[in-house]
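See structure below.
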Amino acid sequence: MAGGGRVRDEDIALVRERSSIVDVASEQVTLKSAGGGNLKGLCPFHDEKTPSFTIAQARNVYFCHGCGAGGDVINFVQKIDHLSFIEAVERLADRAGIVLRRVEGSSAPTRPTGQRQRLVDAHKAAAAFYAEQLLTPAARLAREFLAQRGFDREAAQRYGCGFAPPEWDLLVKHLRQLGYSTSEMETAGLARPSRSGSLIDRFRRRLLWPIRDVSGDVIGFGARKIFDDDDGPKYLNTPESPLYKKSHVLYGVDMAKRDIAKQGRAVIVEGYTDVMACHLAGVTSAVATCGTAFGNDHIAVLRRLLLDTDTYGGEIIFTFDGDAAGQKAALRAFADDQRFVGQTFIAVSPDNMDPCELRLAKGDLAVRDLVASREPLIAFALRSTLSRFDLDTVEGRVGALRATAPMVAKIKDKSLLSGYSQRLAGDLGLEVEEVRRAVQSAAGAPAAPQQRAQPIVSNPRLLVEREALKLAVQSPVLAGPVFDAVDQTFYSDPAHQAVRAAIAEVGGAVAGVSGAGWINTIRDACPDLAVQMLVMELAVDPVRVDGEPDSGYLNIVLARLQLAGLKQRIDEVKSKLQRINPVSDKEEYHRRFSDLLSLEQHARALKEQAAGGL
């Protein structure tokens, strides 16, 4: 959307209200219930093994206890897609079908749509253009290529297959008519300058597949050679761009993500046609890398979708040809295997056929059987490594043990170590104890795993302070004037004092209405990043009561909060009384004694009010 001034505040509030952080974050992260209406998953903003990313559904906000990222749905879209605030608002407005209005007479300068959105829109237009070109006479070979591999017109449309025409600049002309600049087309990787300096299409005379990100936006293309006189490489991909980072991209992930999460399984294949063949055959969790080896960034994407954590691991199934290149790729995958907690498998197709060829030759059931016949990657890796040695000689057996003992030592599930040690001993014709010693030696002295420190509040007073602040942040309508009557002098922790002061600065709990807008208002009034992070943490941390908190619970919390402060004041008065001479400073002594009686009377009343478990 092109800007024409500042967006109305009520429209931004409407976008925030109608956009579910759960729906938006679920496109990036698999979420599981964490109790109290909260959801948890692996944080999309940093690499972690234990889920720290928390969503409070009722308040439509998120917070990561691992890296401190937190905010509402607009902040999430800003951070995940590297957008400005207003770009994120526009994207969510489009998603929710909300038409944004601008403030009339606003002095804000006209702001063009952000670069990322322009590049996404250009790719969307290019994908539609290429799909139309697939129906032209010039694309006959491209259509035949698909048909010969078992893909009809409906399949081609479902996957957005297209054709880059033979003309030098047909797409460039089309995009120019739509208002895209030379700079935008080059940055997107859709066009490039020719030797003469004029702008020409990057892809010509090729069958194309649009490559989408997790959220479904087209961010690039994969282009296959189909003409014999094309002297280029078999496959060409979009170059690295602000949108397209090949080390992160998995073809088909937009279609497969829900089934990957639901089944707890991801199937890794090698090509675009293999993804299509798997999906059409019922293996709906298949994805492929795009012009690069499967690596750490791909693993990070899949771990979040699989919810691959310390306590739960899905299945990752690699499909490779059984030839030498396929075996090499499988062994490289085994090196990456340690990044997963889940079990990693390999499925080797009969007769070295890839899933597309297998479907064509033997049908859909054969593709499903291929995945069902998987074997643990460690077993395949051991077998492949042993095949390089002459096990009939002593030298061969010693060399094979040296090569395989470190592989067994790497097995994450230690309950499998003994079984694989015995299996290896049998394969090598060696004593089990000798193999076990070699495995232990390869493992070295096991280091104690580092555990990320969890913020555990053990001080009862801090626990009560935190609970009071949670009620004001999460339920300001409930907290209201009762909360506001207890000022920040009752809070002992400096960070808690800062949050309480921020709440007072924005008008107190009486000024708030539950939801992301109120939480953001408090956060923005905080003096530094650490306190802002604390606000987001308080926003997602469940209150310590079963069910919804009520006024009775609020009174108990605030009574206990004041009691802690009063106890400190009572101790201070008693200390001063002991230092005053009741004879020579009779007046001062009686004044302090009167203060003590008043404080103790107040404390007794609060104790009665505070009766009840926290």
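The values are calculated or read from the model by the stated rules, or taken from the named source; none is laboratory data. Because the structure is a prediction, the values reported are computed rather than measured. Note that each Cβ is placed from the backbone with ideal geometry, even for glycine, and that neighbours are counted across all protein chains shown.
Provide a single number: the residues in region 48-77 that are without any contact (Cβ under 8 Å) to a residue 60 or more places away in the chain and aromatic (Phe, Trp, Tyr). Of the residues in region 48-77, 2 are without any contact (Cβ under 8 Å) to a residue 60 or more places away in the chain and aromatic (Phe, Trp, Tyr). The set of residues from region 386-414 being assigned to a helix (DSSP H, G or I) and closer than 18 Å to residue 444 by Cα comprises 401, 402, 403, 404, 405, 406, 407, 408, 409, 414. In the set (1) touching a His at 6+ places or on another chain (Cβ under 7 Å); (2) at pLDDT below 95, residue 232 fails one condition alone, (1).
If we scan region 529-539, do we find a residue that is part of a loop (DSSP other than H, G, I, E, B), in contact (Cβ under 8 Å) with a residue 40 or more places away in the chain, surrounded by fewer than 20 Cβ atoms within 10 Å (Cβ to Cβ) and charged (D, E, K, R)? Within region 529-539, not a single residue is part of a loop (DSSP other than H, G, I, E, B), in contact (Cβ under 8 Å) with a residue 40 or more places away in the chain, surrounded by fewer than 20 Cβ atoms within 10 Å (Cβ to Cβ) and charged (D, E, K, R). Of the residues making up region 503-528, those that are surrounded by 21 or more Cβ atoms within 10 Å (Cβ to Cβ), assigned to a helix (DSSP H, G or I) and not charged (D, E, K, R) are 503, 509, 516, 518, 519, 522.
Considering the conditions (1) among the basic types (Lys, Arg); (2) assigned to a loop (DSSP other than H, G, I, E, B); (3) more than 27 Å from residue 304 (Cβ to Cβ), residue 437 is excluded by exactly one of them, (2). Among the residues making up region 486-502, those that are in contact (Cβ under 8 Å) with a residue 24 or more places away in the chain, farther than 22 Å from residue 36 by Cβ and either of a type in the set (A, V, I, L, M) or in a helix (DSSP H, G or I) (or both) are 486, 489, 490, 495, 498, 500, 502. From the set of residues in region 348-404 that are modelled with pLDDT of 90 or more, among the small types (Gly, Ala, Ser) and under 23 Å from residue 151 (Cα atoms), which is nearest to the chain's Cα centre (by Cα)? Among those residues, the one meeting the criterion is 366.
Scanning region 574-593 for residues that are in contact (Cβ under 8 Å) with a residue 24 or more places away in the chain and either in contact with a His (Cβ under 9 Å, 6 or more places away or on another chain) or assigned to a helix (DSSP H, G or I) (or both) turns up nothing.
Residue-by-condition table, conditions (1) buried (at least 19 other Cβ atoms within 10 Å of the Cβ); (2) among the aliphatic types (A, V, I, L, M); (3) not assigned by TED's automatic domain parsing to the domain that holds residue 91:
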| position | (1), (2), (3) |
| --- | --- |
| 13 | no, yes, no |
| 16 | yes, no, no |
| 19 | yes, no, no |
| 24 | yes, yes, no |
| 27 | no, no, no |
| 36 | no, no, no |
| 39 | yes, yes, no |
| 43 | yes, no, no |
| 47 | no, no, no |
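Of the strands (runs of 3 or more DSSP E) contained entirely in region 184-239, those carrying at least 1 residues that are touching a Cys at 6+ places or on another chain (Cβ under 9 Å) fall at 206-212, 218-225, 235-237. Taking region 244-260 as the range and being of a type outside the set (Gly, Ala, Ser), part of a loop (DSSP other than H, G, I, E, B) and surrounded by fewer than 24 Cβ atoms within 10 Å (Cβ to Cβ) as the test, the residues that pass are 244, 245, 246, 248.
So in region 440-466, with the set limited to residues that are over 30 Å from residue 412 (Cα atoms) and in a helix (DSSP H, G or I), which one is modelled with the lowest pLDDT?
460
Taken together, 424, 469, 417, 428 contain a single residue that is surrounded by 15 or more Cβ atoms within 10 Å (Cβ to Cβ) and at pLDDT below 90, which is 417. For region 135-179, residues that are under 22 Å from residue 277 (Cα atoms) and assigned to a helix (DSSP H, G or I) total 16.
Looking at region 358-385 only, could you name the residues that are closer than 13 Å to residue 320 by Cα and in a strand (DSSP E or B)? Once the filter is applied, which keeps residues that are closer than 13 Å to residue 320 by Cα and in a strand (DSSP E or B), region 358-385 yields only 375.
Can you name every residue in region 36-94 that is among the β-branched types (Val, Ile, Thr) and farther than 16 Å from residue 304 by Cα? Those that are among the β-branched types (Val, Ile, Thr) and farther than 16 Å from residue 304 by Cα: 61, 73, 74, 77, 86, 89. Got at least one residue in region 263-282 being modelled with pLDDT under 90 and either of a type outside the set (D, E, K, R) or not in a loop (DSSP other than H, G, I, E, B) (or both)? Looking through region 263-282, at least one residue is modelled with pLDDT under 90 and either of a type outside the set (D, E, K, R) or not in a loop (DSSP other than H, G, I, E, B) (or both). Taking residue 552, is it closer than 30 Å to residue 33 by Cα, assigned to a loop (DSSP other than H, G, I, E, B) and not assigned by TED's automatic domain parsing to the domain that holds residue 56? For residue 552, the condition - closer than 30 Å to residue 33 by Cα, assigned to a loop (DSSP other than H, G, I, E, B) and not assigned by TED's automatic domain parsing to the domain that holds residue 56 - is not met. You will find that of 88, 93, 122, the residue that is modelled with pLDDT of 85 or more, assigned to a helix (DSSP H, G or I) and under 22 Å from residue 171 (Cα atoms) is 122 and no other.
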